[in-house]
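A short reminder: the numbers here are calculations on the coordinates, not readings from a lab. Given the structure is predicted, the values throughout are model-derived calculations rather than measurements. Cβ placement follows ideal geometry from the backbone for every residue including glycine, while neighbour counts extend to all protein chains displayed.
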Amino acid sequence: MKFHHVDSLYIHFPFCRHLCNYCDFYKNVPNDKDLEYQNFEESLLEGFSELQKLFDKNNSKIKVLNTLYLGGGTPSLWDVRGAKFLKNFLLERNIELSTSAEFTLEVNPGAWTADGLSAWESTGVNRYSLGIQSLDANFLKIIDRVHNIDDVFDTLKFFHSNNLHFSVDFMLGLPFSEKYNRDIIKELKEILEYNPEHISLYILTTKAGYIHKDHLPSEEYIEKEYMDVSNFLKSKGFEHYEVSNFSKPKKESRHNLKYWRSESVAALGASATGFLKESSIRYKWKVSKGEYVEEVLTDDEKRLEEVYMGLRINQLYDFSRLIENSERLNTLLDEWQELGYVAEREGSKVSLSSGGFLVLDSLMNDLFKYDLI
Ligand SMILES: C[S@@+](CC[C@H](N)C(=O)[O-])C[C@H]1O[C@@H](n2cnc3c(N)ncnc32)[C@H](O)[C@@H]1O
Ligand code: SF4
């Protein structure tokens, strides 16, 4: 029997030291750390057995990993304990990391130790994603980060002086940006002195009732901030390779590219979502217990997702795979090109420019309007 080999795994660690006021990821501050970490570890063991049943049913196997991503929450808090647990977890389940595997750990500047990082390194971590958000002390307070600006610089110095491969998370559209004239380019210039090989720049999204909702910058301000940042980073040798991501050449997040290319990814941990491409199954772990909810995508949902994901990255997306009405498609692509939304085009193959990334949702609406998807 032919098996589908799933070679990417995401694990969600659902704890933080303190909750930032904007964050919508699944996480808690533990009351009894030992007990709650133990419950979490047990949920991974049980979850893996469940996952194996799902994989067996769908002729899929997880054996050699090319990408492993430990996100959260704040997985750097799991520290030496987590590194040891995960090493045994993989060993006992016969899961190997390939020799060229990318293993990323998310690190919060206020929640890591040198011992922890060295233990993670011996478990195979070779890439870090640092949650910096801003290099301006005032904005760190406004968004209620657990760390101060000194922690941020200590973290950057540590990673730079130890020649570690790292990415930084930054956020745009922060509250009070307009009022206090946030100088994000100055912040990024400073960050670049520490030589990150990858930068994620997320536009802040908020829910109704957000504590600073009356102080969010205008749409025009955010659009300008996004384009300024993109132009600046491109002038410094970064590629704008995905809507919210920039990398030095060949330093893209290989794990996240799996999602954007609609490939299979295994997932474990409350709220984590996995995908089995060949069976079109998406599953999401419940937050209450070690159970997942399974959904089989319809052909229409798959098409829609493939287009949306395909347009997010700076590689030519071939519409002819899905769209038959080439005349109507060409007219629309000509329009996009005239408006500056296209970076490259070869007939029905298109990649978007940074300006196109910015208006991706409205481009998707165009595809609907023209009855193309
Ligand atoms: C789940 S967090 C994990 C990182 C780590 N916990 C930290 O904050 O240092 C991943 C990234 O998502 C981004 N993020 C979280 N909430 C967001 C929001 N509401 N809007 C935009 N980006 C957000 C932040 O840049 C954050 O670093
Ligand atoms: S530390 Fe990270 S995961 Fe935790 S609340 Fe803040 S942004 Fe969210």
Rg and Dmax [Cα atoms of region 302-373; Å; Rg one decimal, Dmax integer]: 10.6, 29
The chain, helix-only ellipticity at 222 nm - DSSP H runs n ≥ 4, -39,500 (n - 2.57), divided by all residues, nearest 500: -12000 deg cm²/dmol
How far apart, in nm, are the 7 Å Cα→Cβ label points at R93 and V359? 4.5
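Determine the gain in length on full extension of the stretch Q52-I373; use 0.36 nm per residue of separation and subtract their C-alpha separation, reporting nm with one decimal.
Values: separation 321, 0.36 × 321 = 115.56 nm, distance 3.46 nm.
Stretched out fully, the Q52 to I373 stretch lengthens by 112.1 nm.
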Inter-part distance where region 157-178 and region 1-75 are each reduced to a Cα centre, Å: 25
Quick one: among K87, K277, K213, which has the greatest mean-square fluctuation in a GNM of the chain with alpha-carbon springs under 10 angstrom? K213
For region 218-373, what D do you get in µm² per second when you plug the Kirkwood radius from alpha-carbon pairs into Stokes-Einstein at 4 °C and 1.567 mPa s? 75
With 20 Å bins from zero, work out the P(r) of the chain over every alpha carbon pair and list the percent per bin. 26, 58, 15, 0
Net charge contributed by nearby residues that have their C-beta within less than 14 Å of K63 (K/R +1, D/E -1): -2
Taking the chain as a Gaussian network, Cα atoms linked when under 10 Å apart, which of T104, T206, T123 shows the biggest mean-square fluctuation? T206
